Each structure stands twice: as structure tokens, then as C-alpha cells.
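Rule-based calculations on the coordinates, nothing more; no lab input. Just so it is clear, the structure is predicted and the values come from calculations on it, not from any experiment. When we count neighbours, we look across all protein chains shown, and the Cβ atoms used for this are built from the backbone with ideal geometry, even at glycine.
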């Protein structure tokens, strides 16, 4: 348990946003779900949101969790879940983006709306709503693997700023798209929403960004890359969750575990040296699969105590 991390994540009179990011397969969903259950068990109105379009939340909680509305989690009072999927996102941006691209398609006779960044923009627009209009005391975000999460942060701003610039300067793109008169106002409203979301993400009092990792070479390098990428958006990482650590007390003469622990020790030392100024919380390698509510409660206690 990390007492300082527990203090930082607790709400203080306003909504608290808690993010879990990192490389795929390091335990982000487990850490996020355990955190959400821990808050709910302590009486906080809590929502867990996944920005990774997979079924992981549905599997973890044993029920269908979609992207259109929050769903009450069975057997966990005070907890709701939502799995944002850009394919069925209902956010303002997706609707307008498709409308604008439809006009461009008509003008150019091409399928330009199949932008590779459209999914990221739709996803980001949807989770901006949680930051701008929080419906819970605590909102826990289980993010997509690092690279996709960083694209989700960057692309909406670049796109909105570019289109708005074209409209305001009256350049050929606006004429070609034959945009309605109120489009600029709509873009401006979204720009303001995005700016408020970025203020929230950068505010260490209201947002805690955790990166989950394993004591291994690739997760260490991806963690360093994620910290650098988030820093470009002035989003501070406050905490590292180091998962699947083999403690000496658990080895009990097993030569394989001892060998792995010796290897991990080198990486743990490197983590301490490279990621100074961040909270470090080590979670032990567990003997059982964490795939139910009881297992997640155990992880929550390891992270934050009773």
C-alpha cells in the first residue's frame, strides 16, 4: 500500500479524475477496476470509463457494458461503468465530423471521411464530456495502450484548430465544403470544451495520472516514452504502479522465482533511478488470476489499504 498515493486520489470537495495508462498487457484494466471498486466500497459515487474499444470491462465485471450510457455494476453499489467505442460514439464531434466530411465527399467525389484519426477524435470527444460535466464524485479512466491514448489527446485539437483557421480566414476549404454559417460557432464551443478538459487533465489537484508497468525492459522504455508524450501536452504523471513484482518472502526456495526476482531487482533499481519524483507502488505477483470482484478487491487493498 502507498499511503501518499491514497491521499492524492481521494476527492477534496470536487470530482476526481484518475487515469491508468501504459503498455498493453501490464495490468491497466485490473488496476483501474480495482481502484473503482475500492472507491465504490468506501461510499464514493464512482464511474469507470474505458477508452479502449475492447470487451475487457464487460469481461471483468461479468456483464454487458456498452458505450451509449453508464451501466450500474452488479454486486458493487455506487459503481457504474461505460466502455467508449468510437464505432457507436454519440458525441457531438462524431456527428458533426461525419456531416462535414459528407459535404467534402460530395464536393470532391471521394471517400475522404475515412480518416484514420476519426476514431480517436470521436473517442476523445466522448470522454471530454466526463471531464467537462462529471456525473460522479470519482471517475476512473482505463485508457487504451499508450500510443493510441496520446493520439486521442493530440488529434482533436489539431483538427479543430485547423478547420477553424480555414473557416476564419475564408480559405478554399471552407468554400469547397459549403459549411453552414453556424459551423464556426459549433467548432468554437468544442474548442472551449477541449480547453476546459485540458485544464482538468493538467490540474494535479483534480487529476491523477498513473502509468502501470512491469519490471521489464519494454515496459520501462514505453513508460519513459509515455511520460515524455504526456509532458508535451503539459499533463503530469504522478504515479507508477509496478505490477507482478516477486517479493523475497514469497520465493520459499524456488530457484525459478529466485532467478526472476534477481532479474526484476535490476529493473526495479533502474525504475527508481530513471523515474525520480514519482510515487512508486509495487504490486506483488499473485498466485491466482484476478478475474472477479473479490480478486479486484484484493488488488485494491494492496494499492490503497483497507
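Note on segment 218-246 and segment 16-57: Cα centroid distance 17 Å, given to the nearest whole angstrom. In terms of other Cβ atoms within 10 Å, 44, 304 run from fewest to most in the order 44, 304. Note on 136, 50: ascending count of other Cβ atoms within 10 Å places them as 136, 50, the fewest first.
Under the criterion of Cα pairs below 8 Å and six or more residues apart, the relative contact order for segment 190-271 equals 31 percent.
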